[in-house]
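Everything below concerns the one structure shown next.
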Amino acid sequence: MAGFKTLDDIGAVSGKRVLVRVDLNVPVADGKVTDATRIERIAPTIAELSKKGAKVILLAHFGRPKDGPSAEFSLEPIARAPAEVLGLPVRFAADCIGDKAAEGVAAMKDGDVLLFENTRFYKAEEKNDPAFTEKLAANGDIYVNDAFSAAHRAHASTEGLAHRLPAYAGRTMQAELDALEKGLGNPVRPVVAIVGGAKVSTKIDLLMNLVKKVDALVIGGGMANTFLAARGTDVGKSLCEHDLAGTAKQIMIEAAEAGCAIILPADGVVAKEFKAGAASETVAIDAVPADGMILDVGAKTVQSVTDWIDRAATLVWNGPLGAFEIEPFDRATVAAAKHAAARTKAGKLVSVAGGGDTVAALNHAGVADDFTYVSTAGGAFLEWMEGKPLPGVEVLKR
């Protein structure tokens, strides 16, 4: 973290009002948080600042409100979750600027934690409006960004505040940036990337960037079918973007020029319908029936993937190898994930993974805790993998 200011650089915070941008965009059902992973990630930063006597003021968004304040997108019900995780009371202010926010801050004692209402209740938040940013800044002396997942947005609470207050990366942001540096920034080679998912069209920039940075690129999921078809393989009724054959060919050309090996399926698990327990068979990739759909990769491909993982010192993973949500089409993803986890636990691999489907797949395989780092950042993780600068990160550089 030599290039970024962190809590280690912050100095004395006792009595200071510290605005901490966090990610509380968590799943909620019947007014209760159903997955507290993101809250658990931000707990160390909040606890550290509180213990040092700071007045910790949390800024966050929730959902995509379009018409101002509404009960549906209020953060008030979510305040209970960080309180439970932290073991500290978390008070709530019914606004993020103005009198209600100021009154909440004025009532704080050193070490207290206060959650402001949804910043996206104001359209000025997403516009990074200077006047709105000033109103946010009026409540703080120091700014800490601990929401890497929102760092790809140049919003008032993610980027604007860092220009108006002394700005630092929180512990979650620090851990994320450290992991990403190990993954692609300055990795130990060889580096292998696994990229899966449904469509090439959503990951063109990602693939173009990776072939220039990694030693081998494993392509799985529905997107592998587009590459196979571009190579002249008949993929039957499989999900395939035939109109992107030219793009797939160009990616393969650039990979060859960069010395990056492209690993495509050698065999596939094929079914005539996509449903749990559907009759399926494993066939060579050039023997897919005309009425068949490739829903997972077969044993030969899994062996190839695990062989590449064995050769790697660093693994970056985004997207499943097959339709892991439905059995039996989860087998390849689970097998590869368990192999990577075992190599990581043995100290032979640095493994960095991220993206919503990826996190779900690793949890499904029961190995998310065994990877070096699993990012919950979603879009920000993907843009980082694409090589794009992230506004909320750039502004924290020394």
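The values are calculated or read from the model by the stated rules, or taken from the named source; none is laboratory data. This is a predicted model, so every value here is computed, not measured. As a convention, Cβ positions derive from the backbone with ideal geometry for all residues, glycine included, and neighbour counts pool all protein chains shown. For the accessible areas, the whole protein counts, side chains as well, though only heavy atoms, and no ligand, DNA or RNA atoms are used. Shrake-Rupley method; radii C 1.70, N 1.55, O 1.52, S 1.80 Å.
Structure notes:
- Along the stretch 29-44 the Karplus relation, 6.51 cos²θ - 1.76 cosθ + 1.60 evaluated at θ = phi - 60°, assigns HN-Hα couplings of 9, 6, x, 10, 6, 9, 9, 9, 3, 5, 5, 4, 5, 8, 4, x Hz to successive residues, with x for each Gly and Pro.
- Using alpha-carbon coordinates, inclination of helix 356-365 to the longest axis of the chain, degrees: 70 degrees
- Positive-end residue, the stretch 138-215 charge dipole about Cα centroid, Cβ charges, pick of Leu184, Ser201, Thr172: Ser201
- Spin-label zone in the stretch 195-213 - amide nitrogen under 15 Å from a point set 7 Å from the Cα of Lys388 along the C-beta vector: 201-210
- Folded to 0 to 90 degrees: helix 221-230 orientation relative to the chain principal axis, Cα: 50 degrees
- Candidates Asp370, Asp286, Asp67: whichever shows maximal mean-square fluctuation once the chain is modelled as a Gaussian network with Cα springs under 10 Å: Asp67
- Label-point separation in nm, Arg64 to Met208, each point 7 Å along Cα→Cβ: 2.4 nm
- Within the accessible surface of the stretch 113-191, defined with a 1.4 Å probe on protein heavy atoms only, the carbon and sulfur portion equals 49 percent.
- Other residues within the sphere of radius under 13 Å centred on the Cβ of Phe73, judged by their own Cβ, net out at -2 (K and R +1, D and E -1).
- In the chain, Cα pairs under 8 Å separated by at least six residues give a relative contact order of 16 percent.
- Computed from label points 7 Å out along Cα-Cβ, the spacing between Arg80 and Arg311 is 5.3 nm.
- Taking the charge dipole of the stretch 112-171 about its Cα centre, with +1 at Lys and Arg Cβ atoms and -1 at Asp and Glu Cβ atoms, the residue from Gly140, Leu115, Thr158 reaching farthest to the positive side is Thr158.
- According to the Kirkwood relation over distinct C-alpha pairs, the hydrodynamic radius of the stretch 192-260 is 11.8 Å.
- Whole-number accessible area per residue in Å² for the chain, which is evaluated in the context of all protein chains at 1.4 Å: 41 Å²
- Cα-based Lys proximity count in the stretch 271-398, under 25 Å, for pairs eight or more positions apart or on separate chains: 8
- For the stretch 121-161: relative contact order, % (alpha-carbon pairs under 8 angstrom, 6 or more apart): 54 percent
- Inverse of mean 1/r across different Cα pairs in the stretch 6-67, Kirkwood, Å: 13.2 Å
- Angle between the chain longest axis and helix 171-180 axis [Cα atoms, degrees, rounded to 10]: 30 degrees
- For a paramagnetic label modelled on Asp178 (point 7 Å from Cα along Cα→Cβ), amide N atoms under 12 Å away belong, within the stretch 356-398, to 373.
- When its C-alpha radius of gyration is set against 2.2 N^0.38 Å (N residues), the stretch 344-398 gives a value of 1.31.
- Looking at the stretch 215-320, the trypsin sites (Lys or Arg not before Pro) that sit in a DSSP loop and have at most 11 other Cβ atoms within 10 Å of their own Cβ are Lys275.
- Kirkwood radius and radius of gyration were both taken over the C-alpha atoms of the stretch 271-360, and their ratio Rg/Rh is 1.01.
- Potential lengthening between His163 and Lys345 on full extension [0.36 nm per residue; Cα-Cα distance subtracted]: 61.4 nm
- Mean ellipticity per residue at 222 nm, deg cm²/dmol - from DSSP H runs of n ≥ 4 across the chain, formula -39500 (n - 2.57): -9500 deg cm²/dmol
- Applying 1/(1 + (r/R0)^6) with R0 = 35 Å to the Cβ-Cβ distance of Ala71 and Ala36 gives a FRET efficiency near 0.95.
- Shape box of the stretch 295-345 [Cα atoms, principal axes, largest first, Å]: 30, 19, 16
- Full-extension gain in nm, Ala107 to Lys127, via 0.36 nm per residue minus C-alpha separation: 4.2 nm
- Cα gyration tensor shape of the stretch 60-155, rounded if a/c is under 1.5, else prolate or oblate by comparing a/b with b/c: rounded
- The lysine pair tally for the stretch 37-122, using Cα distances under 30 Å and a gap of 8 or more places or different chains, is 8.
- Taking the convex hull of the alpha carbon positions in the chain and averaging its projected area over all directions gives 20.1 nm².
- A straight chain from Ala266 to Ala279 at 0.36 nm per residue would run longer than the Cα-Cα distance by 2.6 nm.
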